[in-house]
Every structure is written in C-alpha cells, then in structure tokens.
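Comments concern the structure below.
The values are calculated or read from the model by the stated rules, or taken from the named source; none is laboratory data. Owing to the predicted nature of the structure, the values given are computational and were not obtained by experimental measurement. Cβ: placed from backbone, ideal geometry, glycine included. Neighbour counts: every protein chain shown. For accessibility, only protein heavy atoms count, side chains too; no ligands or nucleic acids. Shrake-Rupley method; radii C 1.70, N 1.55, O 1.52, S 1.80 Å.
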Amino acid sequence: MSRPLVRALGQGVRWATSLRGGGSAFPGLFMEKLHPRFVAEELGKLPLGVVVVSGTNGKTTTTKMAVQLLRSQGLRVFTNRTGSNFVRGVAASLLAEMDAFGRLDADVAVLELDEAHAVHFVKQVRPRISLLLNIMRDQLDRFGEIDTTRRMLRQVAHATTETVVLNREDPRIASLAEGLPEGTGVSWFGLSDALRPMFPSDDDMRDGLRQVDPGAGDSAVPSAQHPRADVVLEAVNARSVELDVAGTAYEATVDLYGVYNQYNAAGALALALQVLGERADTASLVAELGKVTPAFGRGETITVQDKPLQLLLVKNPAGFRLSLASASAEDYATMIAINDQYADGRDVSWLWDVDFDRLREGGVDMVSGVRAWDMALRLDYDLVPVGTVEPDLETALRDFIAGSGDRPMRIFCTYTAMLSLRKILGGMTHVAAI
C-alpha cells in the first residue's frame, strides 16, 4: 500500500472517529502500525525544525504560550493542541492539520511530550530545540524513582541538535547541561534571588535543602550553581511580572492563575527567543504574553450560572502547594476532586506531602472523586473543615455550584476528574472544545 494512500486512510479514520466524539489518538495508532515513519518524515520537512517541551509540570500551558508567541511573530506553527502528548498523539494531530493533499502548512513544530514518551519520540525525530521545565515526584507508579525521570529528560537533551533551554533553579534539570554533545548549546531561564523561595525544587519540598542526594549518581548539581540566564523572572504581582531579558527590564501582563504560570511564561519566552533568533522582537513578545489565555483545566475559567468557576489541575505536592498559595481560601468556594486512574497516577500518597493549612480558614465545601474519602481524611489531619464528601462527580458538582452562594468557585482536580467535570459542565454551560 502506498504511503499517500495510507495517509489518506489515516485522515479518513481521524474524520470517522471525530464524528463519534472521541478517539483522538486512535488515528495515530493506525498510522503507527501501517506507516511507522510517518511522524518523522512529515516533521522532517519543516524549515525551522521541531521544538520539544517536556518536564513534570507546566508542559501544556508553556507549550500554549510558546505557540502563541511564535505565531505573533508571523511563524506558522504546528502543535499537538489537544494535549495528546504521546507519539501517536502527534501523528493524530498531523492527520488533523494536513490538507486533502497531505500538505502541512507550518514552519515549525512545537510539541508537548510526556517525559517517558519523549524518549521514544526523539529516537525518531531529533528536536532542533528542547525546553525542559522541571522534575518533580509525579505518578511514581508510572516512572519509578525521580532520577528515572531525569534520565529520560537527559536523553531528550542529548538528542537535541541546536539548543537546550533549561530551568536553572531545578538542580536535576540544571545538571542536564553537563556532558551534552559537542555543538549543542544551552540557554537558561531562572529566578531572582528574592523569588527562589517561592518555587521549591523537589528536594526543597522534601528536606528544605537545595541539593541532590549524593547517592543519586550522575544527578549531581553543576559546579556553577546559577549560570547567567537569558530570561530572569525578577518579581511577580497579581496579574503582571517583571522580567530581565538579556539585561533589559520589561514588565508583562500574565493573566493566568498561579505564580507557577508566571514562571512558565519566562520559560516560554526563553524558548521563543531561541526559535526566532535574530528576527525576535522582544518587546512585542513580552506584550503578547498578556494575551495568553489558560490551557484547558490549567486555571481555565468557565462561567456557570453567571459565576466564574476555575479548574485547577493538580498532580504532585509542588504543583498543589503553588496552586493553594496563589489565592486566599476565604475568597473562593472550594472543591477538591481526586481520582486514581492511570492518567492521574494510581498512587495518591503524595497528597500527604501537601500542606493544606492555607485552606483551614475558608474550609473546603466539597470533596469528590474516586478517592474522595482519602482526600477528606488528609484534610482532617490538617484541621481543614470539609462541608460535604460526595464521590459521584456529577452530584458533587451540582451540589457545589448550588451551595456556592455569591462566591467565585475553584476546583482542584486530578486529570481524569478534570475531563469528567468539563464534560458535565458542557451540559450546563459553554465549555471550550479541546
């Protein structure tokens, strides 16, 4: 069977599955079986190559920001916008974006990739530039010890042909700068001294020390603790940030929930500068940050019954901690929904590493999800009052909305809980397609 025919069949499969309202990765699986080199061949045609974004936290939002920044500079950008960040998800996205003749209208690909699947991807497609954000304990039942995740990202860094953009404040990420192949450059993004305590690494979360376990082998921190960064987040405010870009000060609006997204903005800007090179207009890139809206479930605000409801994805202690620190509990009606499906991570013991004291004054109105009672017990240990525990998500959501009064609402949720809540909300109000 010819490759054009296989591609056309793949597009047909993609169209058929879309009519059924799902199956976003199935067309990619179809292409993997019949044309294993499909992704590599198509992405190899792009004049500005492939950019990979990976790490434990912030991939989806950072990728969305980077794509918007590059498009604002006139580039045609292909991305796996559905968040299907496996190789077959990239294949499915390609099928969706190609025209009837198999042509992809793009200059560059910017792809969010799951850490484990990024390893397989870079064996097929070597990225020109990669952005590696952080390494936190996340779904350890999938990836094992935290240094296993580091070794995965090390393979991504070593496959990168031009520049690796690294978070200098994460010691495991910073260590990836050592031993890169000759010709691969490093660009850094980082924090001012004043902000470092706000963004703890995994080691800081565990023992309060910015160090890597001496027994962790090749994960030692480089001797230069704080290399000069191209983009430094100097200060954060409610809806704006102060940035130092190559020695020049800028102020940017970043209207996204959570200080961690303000730091993600620094990473996205550092990446965009590397992709654009001399053609970059830094001032307009900084201005464009103010136009970025949240990715689905990452601080996404949905209006329901004329009130705002924010969905906040939580996956690990550091991310949950930063979400909690981003707004006062007294200002919101709060719900927490915890599932333990594969995509969430089966092991939810990480909840015991989150400090929930910030919720003590305002309390939690509703706890739901498969692990609702586990979550309620965890809150009880931190003396956080809980209004209702209702494992069924639909019942819980409707009761939560009805009981929220005039307060804005927020829901902290794991991945599959977020998807279920968006589907339920879609029957009640407008919810953006993903």
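Residue-level analysis places ARG137 outside the set of residues that are modelled with pLDDT of 95 or more and open to solvent by 20 Å² or more (accessible area, probe 1.4 Å).
Output the number of residues of region 236-260 satisfying the condition of being among the basic types (Lys, Arg) and surrounded by 24 or more Cβ atoms within 10 Å (Cβ to Cβ). Selection size over region 236-260: 0. All conditions in (1) at pLDDT 80 or above; (2) under 22 Å from MET152 (Cβ atoms) hold for VAL108, with the sole exception of (2).
Please specify each residue of region 341-361 satisfying the condition of being farther than 16 Å from PRO317 by Cβ and either within 19 Å of the chain's Cα centre (by Cα) or in contact (Cβ under 8 Å) with a residue 60 or more places away in the chain (or both). Answer for region 341-361, where residues must be farther than 16 Å from PRO317 by Cβ and either within 19 Å of the chain's Cα centre (by Cα) or in contact (Cβ under 8 Å) with a residue 60 or more places away in the chain (or both): GLN341, TYR342, ALA343, ARG346. Here LEU233 passes the criteria (1) open to solvent by less than 10 Å² (accessible area, probe 1.4 Å); (2) more than 29 Å from ALA106 (Cβ to Cβ); (3) out of contact with any strand residue (DSSP E or B) (no Cβ under 8 Å at 6 or more places or on another chain); (4) at pLDDT 95 or above except the one numbered (3). I want to confirm something. Restricting to region 410-434 and keeping residues that are surrounded by 19 or more Cβ atoms within 10 Å (Cβ to Cβ), among the aliphatic types (A, V, I, L, M) and touching a helix residue (DSSP H, G or I) at 6+ places or on another chain (Cβ under 7 Å), which single residue is modelled with the lowest pLDDT? So the residue we want is VAL431. In the set (1) at pLDDT below 95; (2) in contact with a Lys or Arg (Cβ under 7 Å, 6 or more places away or on another chain); (3) over 24 Å from VAL314 (Cα atoms), ASP99 fails one condition alone, (2).
Against the definition (modelled with pLDDT under 80, over 29 Å from LEU289 (Cβ atoms) and either open to solvent by less than 10 Å² (accessible area, probe 1.4 Å) or aliphatic (A, V, I, L, M) (or both)), how does SER219 come out, yes or no? Walk me through it before giving the result.
Details: modelled with pLDDT under 80: yes; over 29 Å from LEU289 (Cβ atoms): yes; either open to solvent by less than 10 Å² (accessible area, probe 1.4 Å) or aliphatic (A, V, I, L, M) (or both): yes.
Judged against the criteria, SER219 is a match.
Applying the selection to region 74-91, what residues are modelled with pLDDT of 90 or more and either open to solvent by 50 Å² or more (accessible area, probe 1.4 Å) or assigned to a loop (DSSP other than H, G, I, E, B) (or both)?
Restricting attention to region 74-91, the residues satisfying the condition of being modelled with pLDDT of 90 or more are 74-79.
Across region 74-91, the qualifying residues are GLY74, LEU75, ARG76.
Among the residues making up region 362-403, those that are within 22 Å of LYS315 (Cβ to Cβ), of a type outside the set (D, E, K, R) and assigned to a helix (DSSP H, G or I) are ALA372, TRP373, MET375, ALA376, LEU377, LEU379, TYR381, LEU393, ALA396, LEU397, PHE400. Annotation note: Cβ proximity below 8 Å between a residue of region 90-116 that is on the phi > 0 side of the Ramachandran plot and a residue that is surrounded by 17 or more Cβ atoms within 10 Å (Cβ to Cβ) (sequence gap 6+ or interchain) occurs for GLY102/ARG7.
Kindly establish whether LEU94 is touching a Leu at 6+ places or on another chain (Cβ under 8 Å), assigned to a helix (DSSP H, G or I), modelled with pLDDT under 90 and in the same structural domain as ALA159 (by the TED database). So LEU94 fits the description; yes.
Could you say whether any residue in region 141-152 is in a helix (DSSP H, G or I), in contact with a strand residue (DSSP E or B) (Cβ under 9 Å, 6 or more places away or on another chain), surrounded by 18 or more Cβ atoms within 10 Å (Cβ to Cβ) and at pLDDT below 95? Taking every residue of region 141-152 in turn, at least one turns out to be in a helix (DSSP H, G or I), in contact with a strand residue (DSSP E or B) (Cβ under 9 Å, 6 or more places away or on another chain), surrounded by 18 or more Cβ atoms within 10 Å (Cβ to Cβ) and at pLDDT below 95.
Does GLY387 qualify as being within 20 Å of GLU361 (Cβ to Cβ) and at pLDDT below 95?
Details: within 20 Å of GLU361 (Cβ to Cβ): yes; at pLDDT below 95: no.
Criteria not met by GLY387.
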